[in-house]
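Here the structure is laid out as structure tokens; the discussion comes afterwards.
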Amino acid sequence: FSLTLQVSYGGSSEQLSNTELFPSFYRTVPSDKNLVEAVVQLLNKFGWNWIASIGSDDEYGRGAQGQFSSMAGDHNICIAFEGLIPTDPADPRVTTRLEDTITAINKTNVSVIVLFAHSKPAQALLRHSIRMGLSKKVWIGTEAWMLSDTAASIPNIQSIGTVLGFIMKAGTVPGFQNYIANLFTSVQQEKFCQESREMAQLLGSDTLQTRCEPCDHVSMDDIRPTLSLFQVQPVYVAVYSVAHALHRALGCTHRACPTAPIRSWQLLHFMNTLPFQVNGQSFRFDESHGTNTGYKLIFWSWENSSLTYLPVGDYEGSLNINSSLIRFHTADQKEPTSECFRQCKPGQFRELKGYHLCCYDCTDCPENTFWSHEDSSGCSPCQAQQWSPARSTQCLERSEHYLLWSHPLALALLALMATTAALACLTALLFLKNLETPLVRASGGRLSLFALLALVLLCLSCCLYVGKPSDELCAAQQLVHALCLTACFSTFLVKSLEITLLTEFPRCAPSLLHWVTQRAWLLVALCLLTECCLCFCYLCLGPDSLVADYKSLPREVLLVCHTQSWGAFVLMHGYNGCLAFVCFLGTFMVETSGKKYNIARGITFAILIYFITCIFFVAFFATLKTVLRSVTQICTILTTSLGILGAYYIPKCYIILLKPDLNTEDYCQYPTREKPEEDSA
């Protein structure tokens, strides 16, 4: 089948841009899609994102409104109300539908209305808006009604607010007004009318047979305003586009055209190729067979009830506006606001509100989340090793958190550690110097030196808790702590056994006491060997290891030692608790007269201090989540060390240095349970 060339000077529907469905259709006006793009850019220019959209219930209104709805969502424009108004004035439901439309607009509190409608439906809507007292709005119109005299002549039309709209850019057709003026003069002559009737009869038309009575009263002044409208040039260009295509198809020169048969479909190739000139302006059909000449932005400017169509901008792919020329209906004549949301700032996400999916509040991203351009409807969580403040656009790397050597608390504790270790060393030196005195021998002799050495090592182990931890340091902390306490408590166990034998089993004490005394170091070694076995189990089952705690601190990663096997941990430290408990049972009930030195009392108080310290350590360690955990462990070690020194060794140093007269065999002998007969005597 053959294709018939069609050139339209008014068809703007976007459906006609489909060249597969309409391969022979061309037009000299822009598509409605271009118009909608211009409207969307205008709304974005003034920040209007909460608007009402109304279209006439016909192909033009439905098509343009459909294009606008699709494009508005892509540009963050929320349509609060979308409706169609009837085009048939004879429809009995016209009034009801218009009133319902205006009522719905009122409920939305929008300040901007986009109207895609022809002249008559637009006029009806504007009349009802004025009658129903619709508040002043910004009306954005199109060429279909913007330049209509009927719409502009509605009584009290100025009360609707501000009217802005787009009309197609079009040049003037030279000589057209003179042609119309001459034609208008000829119509009034009988000769012209007779020739027109004869021509109509030859063409078989009866159009001129009926006389138009009102037309006799139309003057040139009545039609002059319409002669400059934009619709004139598209018609002119449409005719010339076909003429140029025919000229090329025939191979015409400036002098003549060859006579040759040309079919309509043969012109399609020439319509698609070279541009053509019309009155010095170049035109060319694009890939969708249209000519996008652009638009002018028109403002209805009223001066003393006189309307002027004032150009305030233009659109040719991008919108340019001279805002200073627009006098809005607001008190300060500046653009009103019409928004259900504001542009969110970096670090904020859109939180939907109400039932409008495009309406939202801007909410700050919480801590440890960030906002990204890819997903503006929510905040993305930072990775475990990262953090972010509230309202952030990126995540930051967490800094490592542990007890630094330069930390004030660390310096204070290290000073206390040095003091405690120095005190233990001085005590050991004093005991070494007075090793053969009764008080030192009664306190354990060389066993006391061994215990004091263990206390010095225990104090120095505080250094393991300062600085950046590692898997090796984590394991070493528990091993050193457990072994040093075992070494100290094993010497107390020997003294507790001696005291128990003398006080609770005096008859068999001489023989057993000799065995215990001679094998004291063996008992200490057995205690240490048992603890070493438990430490080996601890290392095999799962020693403490370094873990990164990302939950305790908001901006830092806390490096802590994590216990892998609580069973092995409890066995290792519980063994020391058992040794301490046995020592306590063997000494806490021992009483002596005021004339004897009670060695058991020192062990009792040292063990009590150890137990109280352990209770406080568990309570604090379970609740603290910062470097204070390391501080708590150091404080536990130092408190235990100072408790043992203060309760057991310092009183003996006091006697050696300040009361040497009490350092005698009689005063320092082992406490014994006195017989009742002696008591009664």
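The values are calculated or read from the model by the stated rules, or taken from the named source; none is laboratory data. The shown structure was predicted, so the numbers you read here are calculated from the model rather than taken from an experiment. With ideal geometry, Cβ positions are generated from the backbone for all residues, glycine too; neighbour counts draw on all protein chains shown. SASA here: full protein model, heavy atoms, side chains in, ligands and nucleic acids out. Shrake-Rupley method; radii C 1.70, N 1.55, O 1.52, S 1.80 Å.
Does SER13 satisfy the condition of being open to solvent by less than 50 Å² (accessible area, probe 1.4 Å), outside the structural domain of THR142 (by the TED database), more than 46 Å from the chain's Cα centre (by Cα) and among the hydroxyl-bearing types (Ser, Thr, Tyr)? So that I can check it myself, show each step before the final result.
Details: open to solvent by less than 50 Å² (accessible area, probe 1.4 Å): yes; outside the structural domain of THR142 (by the TED database): yes; more than 46 Å from the chain's Cα centre (by Cα): no; among the hydroxyl-bearing types (Ser, Thr, Tyr): yes.
Here the answer is no, as SER13 does not meet what is asked.
Within the set of pairs 6+ apart or on separate chains, which have a first residue in region 540-551 that is β-branched (Val, Ile, Thr), a second that is surrounded by fewer than 17 Cβ atoms within 10 Å (Cβ to Cβ), and C-beta atoms under 8 Å apart?
Pairs found: VAL547/HIS562.
I need the full set of residues from region 103-139 which are hydroxyl-bearing (Ser, Thr, Tyr) and surrounded by fewer than 20 Cβ atoms within 10 Å (Cβ to Cβ), in order please. Step through it out loud before you land on a result.
Keep residues of region 103-139 that are hydroxyl-bearing (Ser, Thr, Tyr), which gives 103, 108, 111, 119, 129, 135.
Once the filter is applied, which keeps residues that are hydroxyl-bearing (Ser, Thr, Tyr) and surrounded by fewer than 20 Cβ atoms within 10 Å (Cβ to Cβ), region 103-139 yields THR103, THR108, SER119, SER135.
Pairs only if they're at least six apart or on different chains, beta carbon under 7 angstrom, first in region 44-72 and touching a residue at least 60 places away in the same chain (Cβ under 8 Å) and open to solvent by less than 40 Å² (accessible area, probe 1.4 Å), second in a strand (DSSP E or B) and of a type in the set (D, E, K, R); list them, first residue then second.
Pairs found: SER53/GLU82.
If you take just the helices (runs of 4 or more DSSP H) that sit entirely in region 119-158, which of them hold at least 1 residues that are over 17 Å from GLY55 (Cβ atoms) and of a type outside the set (Phe, Trp, Tyr)? First the steps, then the outcome.
Values: elements: 119-131, 143-146, 149-152.
By residue number, 119-131, 149-152.
Taking region 227-251 as the region of interest, how many residues are at pLDDT below 70 and touching a Leu at 6+ places or on another chain (Cβ under 9 Å)?
The initial filter retains those residues of region 227-251 that are at pLDDT below 70, namely 227-230.
Now narrow it down to the ones that are touching a Leu at 6+ places or on another chain (Cβ under 9 Å): 229-230.
Here the count works out to 2.
Would you mind stating whether THR96 is modelled with pLDDT of 90 or more and either part of a loop (DSSP other than H, G, I, E, B) or open to solvent by 40 Å² or more (accessible area, probe 1.4 Å) (or both)?
In short, yes.
Residues are listed down the side, and each one gets a yes or a no for (1) modelled with pLDDT of 90 or more; (2) open to solvent by less than 30 Å² (accessible area, probe 1.4 Å); (3) in contact with a helix residue (DSSP H, G or I) (Cβ under 7 Å, 6 or more places away or on another chain):
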site	(1), (2), (3)
LEU497	no, no, yes
SER511	no, no, no
ALA520	no, yes, yes
LEU523	yes, no, yes
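Here is a list of conditions, (1) part of a loop (DSSP other than H, G, I, E, B); (2) open to solvent by 60 Å² or more (accessible area, probe 1.4 Å); (3) over 21 Å from TYR649 (Cα atoms), and LEU411 meets all of them except one; can you say which number that is?
(1) is the only condition that LEU411 fails.
If you go through region 292-337 one residue at a time, how many are open to solvent by 60 Å² or more (accessible area, probe 1.4 Å), within 21 Å of ASN44 (Cβ to Cβ) and assigned to a strand (DSSP E or B)?
Total meeting the criteria: 3.
Taking region 148-185 on its own, how many of its residues are more than 29 Å from GLY280 (Cβ to Cβ) and small (Gly, Ala, Ser)?
Count: 6.
Quick one: ARG629 ticks every box in (1) basic (Lys, Arg); (2) open to solvent by less than 20 Å² (accessible area, probe 1.4 Å); (3) under 38 Å from the mean Cα position of the chain (by Cα) bar one, so which box is it?
In the conditions (1) basic (Lys, Arg); (2) open to solvent by less than 20 Å² (accessible area, probe 1.4 Å); (3) under 38 Å from the mean Cα position of the chain (by Cα), ARG629 misses (2) alone.
Scan region 110-134 for residues that are touching a strand residue (DSSP E or B) at 6+ places or on another chain (Cβ under 8 Å) and closer than 22 Å to LYS334 by Cα and report the count.
6
So which residues in region 638-681 are open to solvent by 100 Å² or more (accessible area, probe 1.4 Å), at pLDDT 90 or above and among the aliphatic types (A, V, I, L, M), if there are any at all?
LEU657, LEU658, listed by residue number.
Check THR95 against each of (1) free of Cβ contacts under 8 Å to residues at least 60 places away in the same chain; (2) within 20 Å of ALA122 (Cβ to Cβ); (3) not assigned by the TED database to the domain that holds PHE116 and name the one condition it does not meet.
(3)
Report the residue count in region 260-288 for those that are hydrophobic (A, V, I, L, M, F, W, C) and in contact (Cβ under 8 Å) with a residue 40 or more places away in the chain.
The total comes to 7.
For the subset of region 560-587 comprising residues that are touching a Leu at 6+ places or on another chain (Cβ under 9 Å) and closer than 13 Å to LYS495 by Cα, which member is modelled with the lowest pLDDT?
Filtering region 560-587 for residues that are touching a Leu at 6+ places or on another chain (Cβ under 9 Å) and closer than 13 Å to LYS495 by Cα, the one modelled with the lowest pLDDT comes out as GLY586.
Here are some residues: ALA384, ALA421. Which one is of a type in the set (Gly, Ala, Ser), in contact (Cβ under 8 Å) with a residue 12 or more places away in the chain and surrounded by 16 or more Cβ atoms within 10 Å (Cβ to Cβ)?
Result: ALA421 is the single residue among ALA384, ALA421 that is of a type in the set (Gly, Ala, Ser), in contact (Cβ under 8 Å) with a residue 12 or more places away in the chain and surrounded by 16 or more Cβ atoms within 10 Å (Cβ to Cβ).
Considering only region 140-189, state which residues are open to solvent by 30 Å² or more (accessible area, probe 1.4 Å) and of a type in the set (Ser, Thr, Tyr).
THR150, SER153, SER159, THR172, TYR179, THR185, SER186
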